[in-house]
Every structure is written in C-alpha cells, then in structure tokens.
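The block underneath contains the structure these notes are about, expressed in structure tokens.
Values in this text are rule-based calculations from the coordinates and carry no lab data. All values reported here derive from a predicted model rather than from experimental measurement.
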Amino acid sequence: MSTMPAQHGHSEACCNIPPIVSQGYNAKGSYEELGGYKTYVTGPSDTTKGIVTIYDIFGYYPQTLQGADILASSGATKYRVFIPDWFKGVPAELAWFPPDTEEKQQKLGAFFQKHPPPSIAANVPGYVKALSEKYPEIKEWALLGFCWGGKVVSVTIASPENPFKAAIEAHPAMVDPKDAENIKIPLALLASKDENPEDVKKFEANLTAPKYIETFPDQIHGWMAARSNLDDEHIKSEYKRGYQTVLNFLSQHL
C-alpha cells in the first residue's frame, strides 16, 4: 500500500516551488571537492537533513541542477543537496539519445560498460561518510537517483552498508524486481511511460518497507532530469509535480 495520499502523489500544502525556468537557469549552489569528487552543493548550511543525488548519464544538466535547488528549499523542511560527479567531467552526450543508430548504441554501450551501477554504488557509502565528516550537523540522509542513477539507488540501498534513511528513484533504468527484495527503507519510485510496467509492478510487490509508486503515463524516461523539455508547458507541469511528490515523500520519511 502507498503511504501517501492518492491526489497526484503530493500535498500542495507541503511545497512552495518557485517558477520553473525553461532556459538559461542560473544554479543557486556552488561546487566543492568532497570525498574525492567534484560536487554540486545547494541548500541551507544549518539543516540536519541531506540528500545525495545520483544524476543521469548526462551529468550536470540545468534541469538536474534546478531540481536540486527545488528540493533544497521548497518544502517545509530544508535540505542540503549534494550531486557528486561520478564521471569526472566526461558524461554521456545527449545526442546519443535515443540510441537509434548503431553508432549511438555502441557509444552508449561503451559508456555503461565503463560506469556499471554496482561499481558506483560501492563508492556511495564512503562518499556519504566523507560528507558526514565535513557536515556533522547533517544527521539523516536520503538518496535520489535519475535513470541510470535510479539503478545505482537500488543497488546502494539494498546493500548491508546502506547509510540512507529514505530513497527515491525517478524514471529508473534497469528496474529489477530482485533488487527490491533487499530494500528495507522507505522508497518512492516515479516511473515514466518508458519503463516496463510489469517490472515496475513486480518491483513494487517485492518492497516490504513503506513505499510510494506512481507512473507518469505521458512522460518520457528522463523527464525530471536532463531530457526534460521545459519549453513544453505540460512537461514543465509534470516536472514540477514530480519534485512536489519527492518533497512530500521526504517530509514523511526523513
């Protein structure tokens, strides 16, 4: 059963999201070297709650940074949000998507081979330890992942070394119901029309902790991150609703 009300997955009262900027977004945070990774950091310095965001394969796109800024200060609770650069400045190219040619498929395949989610997930607990040492005031952590990053979330929180209290996956790639069997913390999964519905259904069935699962049926894989076309008013509205849903879930579980 969902732990959230059914009205579009969020409570209007919990959030005060600023106007979404379609183009030319000026990020509010800054970059720091943390745990050996360049990291985008945004949000108030006096909060006790932190969010680690695992970006999609396209890295630091304006839509992703704007999402981090929304999460940092739009809810009743404020969060310090951290986005580490796992790709060391060499993300995938948006031009590879969709992978509708052999060349694009080869490039994407090579990228995924170089950055398999389990190898990234293995580094996440150590990264959070470094954050906690630098920011000891942060006592509770959530994990958010987009697309490829959603798979990193599943692997990370299913591990015995999981340091997170709650997690969210937005349009996750490689949804595997077996991952859900070992997830013991509250999890929200916001699916797009491009994830396999049966995989999402089986994944949900295998979750035993509090959960919230919603499919945004007319949104593409990537609508809350780099592939979001915020010039389209409906996509912009669903982008906003996605972040409202995340904030409401976190308000209940972090």
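Taking 211, 184, 139 in turn, the Gaussian network model of the chain (Cα-Cα springs below 10 Å) assigns the largest fluctuation to 139.
Using the structure shown, select from 28/201; 107/184; 134/202; 139/211 the pairs with a Cα to Cα distance greater than 28 angstrom.
Numbers: 28/201 37 Å; 107/184 35 Å; 134/202 39 Å; 139/211 22 Å.
Distance filter (> 28 Å) returns 28/201; 107/184; 134/202.
For the chain, what does the relative contact order come out to in percent, with C-alpha contacts under 8 Å and a separation of six or more?
Relative contact order for the chain comes out at 23 percent.
Shown here is the pair-distance distribution of the range 12-253: with all Cα-Cα distances grouped in 5 Å bins from zero up to the longest one, the shares run 1, 7, 15, 20, 22, 18, 12, 5, 1, 0 percent. Gaussian network model of the chain, Cα springs within a sub-10 Å range: biggest mean-square fluctuation belongs to which of 50, 109, 145? It is 109. Build a GNM of the chain with springs between Cα atoms under 10 Å apart, and of 60, 31, 239 the one that fluctuates most is 31.
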